[in-house]
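> Below you will find the structure I want to go over with you.
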Amino acid sequence: MNDRVLLITGASSGIGAATARAAAREGFRLVLAARSRDKLTALAQELGPEKVLTVSCDVTSMDDQQAMVEEALERFGRIDAVFANAGRGGSPGGFKGADHEAWKEMILTNIYGVGLTLQACLPALEHTRGHVLLTGSAAGRATIPGSMYGATKWAVTGIGYNLREELRGSGIRVTLIEPGMVDTPFFDEPPTHALEDKDIANAVLYAIDQPPHVDVNEILVRPTPPLEG
């Protein structure tokens, strides 16, 4: 079990970095991809560079994604699980007043980038009968006034469901990880009554560690509501 290879996009901070730490403790070999090379290098040094490959990757670039997979296969020879975690937020103002350029970058990252990760990684996962995990959101299951971000996470939910049907009978498992509020660098101000990034990492590892005949379709994780009174 200790030769398993987990690839994580958006791995330089937050949920991605926490998942890398949790997986390293379980003996995974890791492919850590993000745009921030400095943060990835520091994380690799922390985890042990002999079992970690870092890759500079813009998930909206198919060239970057394909190079990421090629480097992973050259270094480790296989990919057992892919955590498509890279994402970004939008801007305030709702549909009436938000920065539309921020929308563009968010939509490309949160939706198109996920699609590119799947297209780049699925051939390798077919060989290992591997596992795809997607960072959705509780926002992808609820109605939030004026939220284009929420709409992108609805799209990720749809990607997860549709991918599962495409891969039915292939042996590849698909899991949607759907966090509620998480205290990560995603927010300018730390949220109150929020989950920690390691809580979501625990959910990811729970899904991966199930035996091959168990397919955890979705994990919705929300913070416990604060005590009243």
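The values are calculated or read from the model by the stated rules, or taken from the named source; none is laboratory data. It should be emphasised that the depicted structure is a prediction, and the values quoted were computed from it without experimental measurement. Heads up, the Cβs are rebuilt from the backbone with ideal geometry, glycines too, and the neighbour counts pull from every protein chain shown. Note: accessible area is taken over every heavy atom of the protein model, side chains too, but ligands, DNA and RNA are not part of it. Shrake-Rupley method; radii C 1.70, N 1.55, O 1.52, S 1.80 Å.
> For region 119-136, indicate whether the set of residues that are open to solvent by 30 Å² or more (accessible area, probe 1.4 Å), part of a loop (DSSP other than H, G, I, E, B), within 25 Å of M106 (Cβ to Cβ) and touching a Leu at 6+ places or on another chain (Cβ under 6 Å) is non-empty.
The initial filter retains those residues of region 119-136 that are open to solvent by 30 Å² or more (accessible area, probe 1.4 Å), namely 119, 123, 126-129.
Okay, now just the ones that are also part of a loop (DSSP other than H, G, I, E, B), so 129.
So of that shortlist, the ones also within 25 Å of M106 (Cβ to Cβ) come out as none.
Scanning region 119-136 turns up no residue that is open to solvent by 30 Å² or more (accessible area, probe 1.4 Å), part of a loop (DSSP other than H, G, I, E, B), within 25 Å of M106 (Cβ to Cβ) and touching a Leu at 6+ places or on another chain (Cβ under 6 Å).
> A further question on this structure: Considering only region 71-79, I want to know if a residue exists there that is in contact with a helix residue (DSSP H, G or I) (Cβ under 7 Å, 6 or more places away or on another chain), more than 20 Å from I159 (Cα to Cα) and among the charged types (D, E, K, R).
Taking region 71-79 and keeping what is in contact with a helix residue (DSSP H, G or I) (Cβ under 7 Å, 6 or more places away or on another chain), we get 73, 78-79.
After this cut, where a residue has to be more than 20 Å from I159 (Cα to Cα) as well, the list is 73, 78-79.
The next check asks that each one be among the charged types (D, E, K, R); those that pass are 78.
Yes, the conditions are met somewhere in region 71-79.
> With respect to G77, determine if the residue is touching a strand residue (DSSP E or B) at 6+ places or on another chain (Cβ under 9 Å) and either under 30 Å from T143 (Cα atoms) or aromatic (F, W, Y) (or both).
Numbers: touching a strand residue (DSSP E or B) at 6+ places or on another chain (Cβ under 9 Å): yes; either under 30 Å from T143 (Cα atoms) or aromatic (F, W, Y) (or both): no.
For G77, the condition - touching a strand residue (DSSP E or B) at 6+ places or on another chain (Cβ under 9 Å) and either under 30 Å from T143 (Cα atoms) or aromatic (F, W, Y) (or both) - is not met.
> Also: Find the residue count for region 1-48, including only residues that are more than 23 Å from P212 (Cα to Cα), more than 11 Å from the chain's Cα centre (by Cα) and in a loop (DSSP other than H, G, I, E, B).
Count: 5.
> Test of understanding: among V52, V59, which residue is under 15 Å from the mean Cα position of the chain (by Cα) and closer than 23 Å to F28 by Cβ?
Working: V52 fails: under 15 Å from the mean Cα position of the chain (by Cα).
Answer to the check: V59.
> What's the number of the condition Y161 fails, among (1) open to solvent by 90 Å² or more (accessible area, probe 1.4 Å); (2) modelled with pLDDT under 95; (3) over 18 Å from G130 (Cβ atoms)?
Every listed condition holds for Y161 apart from (2).
> Okay, moving on. Would you pick out the residues in region 70-107 that are over 20 Å from the mean Cα position of the chain (by Cα), of a type in the set (K, R) and modelled with pLDDT under 95?
Passing the criteria: only K96.
> Confirm whether A11 is touching a strand residue (DSSP E or B) at 6+ places or on another chain (Cβ under 9 Å) and open to solvent by less than 10 Å² (accessible area, probe 1.4 Å).
yes
For every residue, the table says whether it meets (1) part of a helix (DSSP H, G or I); (2) in contact with a Cys (Cβ under 8 Å, 6 or more places away or on another chain); (3) crowded, with 20+ Cβ neighbours inside 10 Å.
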position	(1), (2), (3)
V59	no, no, yes
V69	yes, yes, yes
R78	no, no, no
A102	yes, no, no
